[in-house]
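Please read the structure below before turning to the comments.
The values are calculated or read from the model by the stated rules, or taken from the named source; none is laboratory data. All values derive from a computational prediction rather than experimental measurement. Methodologically, a virtual Cβ is constructed for each residue, glycine included, from the backbone with ideal geometry; neighbour enumeration extends over all protein chains shown. Ligands, DNA and RNA are excluded from the accessible area calculation, which covers all protein heavy atoms including side chains. Shrake-Rupley method; radii C 1.70, N 1.55, O 1.52, S 1.80 Å.
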Amino acid sequence: MTRIALTGAGLVLPTELIEEQALLIEGERIVGWTGAAEIPSDYAVRRLNGGCLVPGFIDTQVNGGGDVLLNDMPSIEGMRTIARAHRRFGTTGMLPTLISDHPEVTDAAIGAAEAALAAGAPGVLGLHIEGPHLNPAKKGIHDAGRFTTIDESVLARLTRPTRGIRLVTLAPELAPPGTIRRLREAGVLVAAGHSLANHAQTRAALAEGLSGFTHLFNAMTQLGSREPGMVGAALTDRASHFGLIVDGFHVHPATLKVAIAARGIAGAMLVTDAMSPVGGSATSFTLMGQRVEMVDGMCRGPDGTLAGSALTMAEAFRNAIDMLGCSIVEASQMASGNPARFLGLAGETGAIAAGLRADLVHLDRQRRVTRTWIAGALEELGE
């Protein structure tokens, strides 16, 4: 079994940054860390040129990458391409995300995730199905013509046994009573989004098993003085998680700071909501028949509606530090530790800790990705 000692970079642990320690990896797992003079003789030493090692980033909302949109290529090849495109930006685990589409496309995406997981496609952790059970009044860039209600056939599709993780985003006010509970009992994670649910409706969904909130603040009811809305429910619940798109466009940084101050770092997850141009060469694409242009770092539809993002997890990580004033440890929690807990993977990945999988990112002194490891397997390609 391969034994490697990584030296010359700081280690970002769950609670602190430590220096002058060598990270010991045996096969797919982290063994621990030690001083350079104490590295066992049977470990091959690899020296990194400064910077730091952080746990691999985990992104729960990735619509596309490498010029591929999952809706257009709901196959194992599509998922591999998307995961490969995002890996150079530090994403070592992701949920490829299907935007509201027809049942046959959803079926294809579910099958693709099964095939990708069976084949051990690096970085693919499961599937996020965002819609089509959303509120047309909060559709965003989604095609409301593809929205449907939840019935027994839909529940059968969404609860079909599969490998890996399945996350479903829905509008809880439109879900029949008991829907969220049935999904959770089948092992499906449920997030609220693209919704007009008020505070009471959202609280009822949380009591039924709602796990989180898709891109907090965007496409949902806001915090008000007399009606706290979905945002108020998200910020006062201590068990769920919410995704934050920290690109400076989707939500003002001051608003994001308020969310973190209210809920604490433990509730927040960095997500990209990335579209196909990320890691690719195209500057425009077609989504549900709409032309989307990427201009000044934003993806916008014909009417100016934000259509996902051109964000990478590496940029989101840096923005959390530069825009929100987070420490590197806090940014790491939001990029890795918190999403791992949300997905039920904290005992497997999401931190630099003995026994966990060696999913790692090396950042240079400018906090740019130089290389990644997934289960101990090195990829030299970075930003």
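Below, the figures for the structure above:
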| read-out | value |
| --- | --- |
| Enumeration of residues in the stretch 318-357 that are aliphatic (A, V, I, L, M), assigned to a loop (DSSP other than H, G, I, E, B) and farther than 13 Å from LEU13 by Cα | MET323, LEU324, LEU343, LEU345, ALA346 |
| Out of LEU17, LEU70, LEU13, LEU53, sole residue that is among the hydrophobic types (A, V, I, L, M, F, W, C) and closer than 24 Å to THR214 by Cβ | LEU70 |
| Boolean, ALA5 is small (Gly, Ala, Ser) and in a helix (DSSP H, G or I) | no |
| Only one of GLY78, GLY90 that is in contact with a Pro (Cβ under 9 Å, 6 or more places away or on another chain) and either without any contact (Cβ under 8 Å) to a residue 60 or more places away in the chain or buried (at least 24 other Cβ atoms within 10 Å of the Cβ) (or both) | GLY78 |
| Yes/no for ALA266 being at pLDDT 95 or above, out of contact with any strand residue (DSSP E or B) (no Cβ under 7 Å at 6 or more places or on another chain) and either farther than 25 Å from ALA205 by Cα or not in a strand (DSSP E or B) (or both) | yes |
| Subset tally (residues that are out of contact with any Phe, Trp or Tyr (no Cβ under 9 Å at 6 or more places or on another chain), of a type outside the set (Ser, Thr, Tyr) and under 27 Å from LEU363 (Cα atoms)) for the stretch 275-294 | 2 |
| Qualifying positions in the stretch 215-257 - over 19 Å from the mean Cα position of the chain (by Cα), over 24 Å from ALA204 (Cα atoms) and without any contact (Cβ under 8 Å) to a residue 60 or more places away in the chain | HIS252, ALA254, THR255 |
| Qualifying residue in the stretch 148-167 (condition: in contact (Cβ under 8 Å) with a residue 40 or more places away in the chain, more than 21 Å from ALA335 (Cβ to Cβ), assigned to a loop (DSSP other than H, G, I, E, B) and among the acidic types (Asp, Glu)) | no |
| Count of residues meeting criterion [within 24 Å of ASN319 (Cβ to Cβ) and open to solvent by 30 Å² or more (accessible area, probe 1.4 Å)] in the stretch 347-379 | 8 |
